[in-house]
Amino acid sequence: MRKLQNILITGGAGFIGSNFIHYLFGQSSAEGNLFNDANFTGKIVNVDCLTYAGNLESLADIEAKFGSGVAEADRRYFFEKVDICDRPQIERIFKQYDIDTVIHFAAESHVDRSILGPEAFMKTNVMGTFTLLDVARNYWKKEDGSLRDDVLFHHISTDEVYGSLGETGYFREDTPYDPRSPYSSSKASSDHVVMAYFHTYGLPITLSNCTNNYGPYQFPEKLLPLMISNIRDGKNLPVYGKGDNIRDWIYVEDHNRAVWLIVNKGVTGEKYNIGGENEWQNIKLLHKVIELTAAQTGKKVEDVEKTITYVKDRPGHDKRYAIDCTKIKTQLGWERKMTFEEGLLETVKWYLKNSEWINNILNGSYKQWVEKNYANR
Ligand code: NAD
Ligand code: DAU
């Protein structure tokens, strides 16, 4: 039986990680607390070095309700500003909190940035993952040298490791890896290291590969929050190439419910695909986002449509991603709860309502990065 009591979450100040922490503490960001079914009773240690993508504002409510805002004896949330490549600090954290589970979200996650500066991706995604695995292997060793079986290392990965699809077909768990960008190659490498630690050392691991997530707290360099905030601000809407690339979209809490299910019931040593079964061509999705955002902001759809700007394509832009998630559905009984209609509208409303959250990012150090790198848009 897995203990699941002292959980180390890496990258908890990022998009998916912060939603995951909300979900585990029963503070679902979905309207009406639709997804509060985690039934988690333990403690969370969030390890995040707060890169440009890490944002403690996304966890202010959690800190107040479960962290420093409550009496020490009631405390269930701890934040550690630590780099996952910093081995002595990671060793200290395992010991101090007696970690029995790792759920590893931390990564450099943006494909465009990986093209501009791949080094950070190799460091964090490959060496950081290796450091965590190796510390876990040592900390979870029993006196006879074998590893505990009540512990788990769950690695969060992406469908991008499988490469690019044509018009037909789906990525399955046994699809050979074929990463095309520095980002996806670094994630593919980390997946291989995770599997190697299972086969070589018997480290109890599970692994999941998910499609494009959408929902609250996503950094506004990614397609959906970027387009929503640009529509709000009357800025151009940059579409790469012809806008005919296809992505499969899943609501972030449906992804997180799948992760928690794997952590609870997944078979050690197995990998699971997670998908939205919800493919959209970028340009068609943008028309939908324009329609929803215009309706919420009182703008005219035809005026907003005029701000669509076709820009230079992303080098090596993967054409299509689509996941076959039959395994997690049939073997673990996972199903999505959010429809795309509902989830997209809720997401648009969330970014418009939480304008302070997004403005703080847009007016911070990210502003200079945009000016430097996106000057030609
Ligand atoms: P994100 O960029 O929003 O957040 C990443 C977090 O990791 C940030 O808080 C950042 O500060 C932290 N971090 C980065 N480097 C670190 C380091 N060296 N040490 C400690 N913390 C560090 O990313 P996200 O979109 O939330 O993605 C989370 C995970 O999910 C990643 O592993 C990503 O590859 C994977 N994934 C993302 C998607 C998606 O659509 N966003 C889909 C599938 C898989
Ligand atoms: O598939 C899972 C992956 O989804 C994750 O592993 C990554 O961490 C996550 O960032 C995401 O990668 P994408 O490259 O698919 O996401 P992004 O939001 O950057 O782009 C989505 C699509 O929209 C892609 O085809 C590129 C296009 N795009 C993106 C931006 C930012 C544009 O046309 N214009 C833009 O300005």
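The values are calculated or read from the model by the stated rules, or taken from the named source; none is laboratory data. Since the model is a prediction, treat every value here as computed from it, not as a measurement. Note: ideal-geometry Cβ built from the backbone for every residue, glycine included; neighbour counts use all protein chains shown.
List of remarks:
- Qualifying residues in segment 1-53 (those that are within 16 Å of ligand 2 (Cβ to nearest atom) and in a helix (DSSP H, G or I)) - the one nearest to Val263 (Cα to Cα): Phe20
- Of all residue pairs spaced 6 or more apart or on separate chains, those with beta-carbon atoms under 6 Å, a first member in segment 7-29 that is near ligand 1 (Cβ under 6 Å from one of its atoms) and a second member that is at pLDDT 95 or above and of a type in the set (D, E, K, R) are Gly11/Asp48; Ala13/Asp48.
- Within segment 307-364, the set of residues being surrounded by fewer than 16 Cβ atoms within 10 Å (Cβ to Cβ) and among the small types (Gly, Ala, Ser) comprises Gly316, Gly333, Ser355, Gly364.
- Residue count for segment 54-73 under the criterion of being in a loop (DSSP other than H, G, I, E, B) and touching a residue at least 12 places away in the same chain (Cβ under 8 Å): the result is 3.
- Test for Glu108: is it among the charged types (D, E, K, R) and either in contact with an Asp or Glu (Cβ under 9 Å, 6 or more places away or on another chain) or under 24 Å from Ser181 (Cβ atoms) (or both): yes
- For segment 76-88, a residue qualifies if it is loosely packed, with under 14 Cβ neighbours inside 10 Å and farther than 19 Å from Gly17 by Cβ, and exactly one does: Pro88.
- Any hit, segment 54-65, residues being within 16 Å of ligand 2 (Cβ to nearest atom), under 24 Å from Phe94 (Cβ atoms) and modelled with pLDDT of 95 or more: yes
- Filter result for Ile246 (more than 9 Å from ligand 2 (Cβ to nearest atom) and among the aliphatic types (A, V, I, L, M)): no
- Matching residues, segment 205-245, being more than 30 Å from Tyr272 (Cα to Cα) and among the small types (Gly, Ala, Ser): Ser229, Gly234, Gly241
- For segment 89-120, a residue qualifies if it is closer than 22 Å to Phe20 by Cβ, surrounded by fewer than 19 Cβ atoms within 10 Å (Cβ to Cβ) and touching a helix residue (DSSP H, G or I) at 6+ places or on another chain (Cβ under 8 Å), and exactly one does: His110.
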